[in-house]
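The structure appears below as structure tokens.
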2 protein chains.
Amino acid sequence: MADRGYGQFCPVAMASEVLGTRWTMLVVRELLCGSSRFNELRRGLPRISPALLSKRLNELEELGVVERRCDGERGSPTYYLTEAGEELRPVIMSMGSWGQRWLETQLSLKNLDPSLLMWDMRRNLNPTPLPSRRVTIQFLYQGLTRGQREWWLIVDKAAQHGVVDLCMTDPGHDVDLYVVTELRTMTAIWMGITTVREASDAGRLRLTGTPELASRMEHWLGLSPFAQETKQVTVR
Amino acid sequence: MADRGYGQFCPVAMASEVLGTRWTMLVVRELLCGSSRFNELRRGLPRISPALLSKRLNELEELGVVERRCDGERGSPTYYLTEAGEELRPVIMSMGSWGQRWLETQLSLKNLDPSLLMWDMRRNLNPTPLPSRRVTIQFLYQGLTRGQREWWLIVDKAAQHGVVDLCMTDPGHDVDLYVVTELRTMTAIWMGITTVREASDAGRLRLTGTPELASRMEHWLGLSPFAQETKQVTVR
DNA sequence: CAGTATCCGATGCGATACTG
DNA sequence: CAGTATCGCATCGGATACTG
């Protein structure tokens with residue numbers, strides 16, 4: 001195993017060598033989605049070890065895909081994609097579209113994870129159709145253990161630190177909308193496999209609270225970037 | 001290491017799991033380029049072991065990306081991409097384009113390989129501008145060892161088995177055009193890093209024989225599919 | 001030609017603990 | 001918070017030889 005590489009000058013081979021190592025594409029995906037701090041990245045990649053994430057970031061920096069910035073003197077470092085990294089977007093998007101179209105849904109729905117789902121929802125939520133006051137939405141996933149069951153999204157357009165907050169513990173505010181469903185259903189909605197309306201009609205999703213929030217859920221709830229890709233594989 | 005997977009429902013993660021294993025993307029690339037027989041694939045992937053190629057083909061078949069056909073009763077099997085496999089083309093192309101734009105040329109030119117280059121040239125050669133008679137073109141790579149140095153491309157539009165033949169031993173025909181250069185130069189031309197004209201003018205490529213063949217070389221010599229991507233990384 | 005079978009070595013990477 | 005350090009194992013895949 002003298003050579004880890006493919007020994008080919010073909011650009012596809014060269015790119016595969018670099019992008020094919022475990023976790024690399026997902027680190028880039030997280031950066032493309034806007035994460036920039038170490039522990040923010042870890043949150044989107046729960047199963048990566050800190051050592052490996054650090055290694056990947058260094059490799060990507062060495063490659064010219066990632067730029068590490070040490071803001072201020074004292075501030076903790078942040079990571080951003082360079083132009084080369086930004087140009088990986090079409091690669092990631094085409095991979096994701098292909099995955100959505102051709103990989104078994106069952107396989108995806110075996111990898112249910114409320115923290116990943118909520119984290120994704122947090123960053124894709126669209127505050128525009130929401131009122132200007134602070135809005136609190138509680139998600140309650142039936143059948144999950146305590147500690148995984150309850151989530152709060154707090155949207156405050158006037159907030160200075162960031163518009164959408166995600167909590168796992170009761171923030172204490174009055175709740176404007178309760179969303180009660182199974183994690184599987186909510187994930188299927190997020191992935192575009194079903195819709196809020198379908199799930200509601202089937203009684204698998206229950207919305208209680210401010211009627212305007214409930215009726216406009218399809219508008220403020222962002223979906224996965226791949227949700228509009230049509231599945232080509234039957235859900236078995 | 002209970003789980004080899006990423007444990008994420010995200011389609012990018014799902015696709016990475018499948019496409020990220022070593023050699024997989026390159027097997028798909030070969031199939032996209034038109035190879036369909038086992039040893040034809042091996043030719044485009046010289047460093048893969050037969051065992052691993054077999055394994056990858058089985059995995060891809062299982063995934064629904066590859067279809068194995070056993071033509072006739074007796075015939076040896078062939079492999080084709082399914083619709084799902086064909087739809088990997090944008091993934092491969094975007095990876096290749098990115099590689100061409102952003103990965104060090106030096107890295108590519110470290111992976112020089114005359115058999116891969118000639119094999120690629122064989123399948124991308126454009127016979128249209130060539131005369132209707134049989135044409136033999138000999139490539140002579142200076143500085144390579146005997147057995148790697150001499151290559152013959154035989155183009156015969158009237159041939160029944162295939163228009164372009166590649167030989168490593170003298171086919172015995174009269175040679176219509178001799179191409180004398182270094183492997184590095186020819187590879188750089190193939191990759192679009194330099195041109196036939198540039199290399200000729202610099203004396204790094206010498207064409208002797210039928211003047212029409214020589215002058216039209218830029219037209220019949222196909223280039224890498226990524227040759228028109230502009231390098232963004234300086235050649236150091 | 002089209003693969004299987006077998007073996008074994010390197011190393012990637014996961015787990016955990018620890019530090020400035 | 002943002003990593004480094006260390007350890008050890010599983011497993012991937014490379015090499016080689018063999019078969020219908």
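What you get for the range B:5-98, charging only the Cβ of Lys and Arg (+1) and of Asp and Glu (-1), is a dipole of about 480 debye around the Cα centre.
Plainly put, the tip 7 Å out from Cα toward Cβ on A:Glu212 is 8.0 nm from that tip on each other copy, the closest given first.
So for chain A, taking the charge dipole from beta-carbon charges (+1 Lys/Arg, -1 Asp/Glu), which of A:Trp190, A:Ala159, A:Ser35 sits furthest toward the positive end? Most positive-ward Cα: A:Trp190.
Fewest-first ordering of A:Arg101, A:Arg68 by other beta carbons within 10 Å of each residue's beta carbon gives A:Arg68, A:Arg101.
Averaged over the residues of peptide B:22-31, the number of Cβ atoms from other protein chains lying within 10 Å of each residue's Cβ is 3. The listed peptides B:84-91, A:114-121, ordered by packing as a protection proxy, come out as A:114-121, B:84-91 (highest mean of other Cβ atoms within 10 Å first).
When B:Phe9, A:Phe38, B:Phe226 are ordered from fewest to most other Cβ atoms inside 10 Å of their Cβ, what list results? Walk me through the numbers before you get to the answer.
Numbers: B:Phe9 24, A:Phe38 16, B:Phe226 20.
Taking fewest neighbouring Cβ atoms as first place, the list is A:Phe38, B:Phe226, B:Phe9.
In the elastic network of chain B, a GNM with C-alpha springs shorter than 10 Å, the most mobile of B:Ser35, B:Ser224, B:Ser132 is B:Ser132.
Bear in mind these aren't lab numbers, they're just calculated from the coordinates by the rules spelled out. Keep in mind the model is a prediction, meaning the values are calculated, not measured. So basically every Cβ, Gly included, is an ideal-geometry build from the backbone, and we count neighbours across all protein chains shown.
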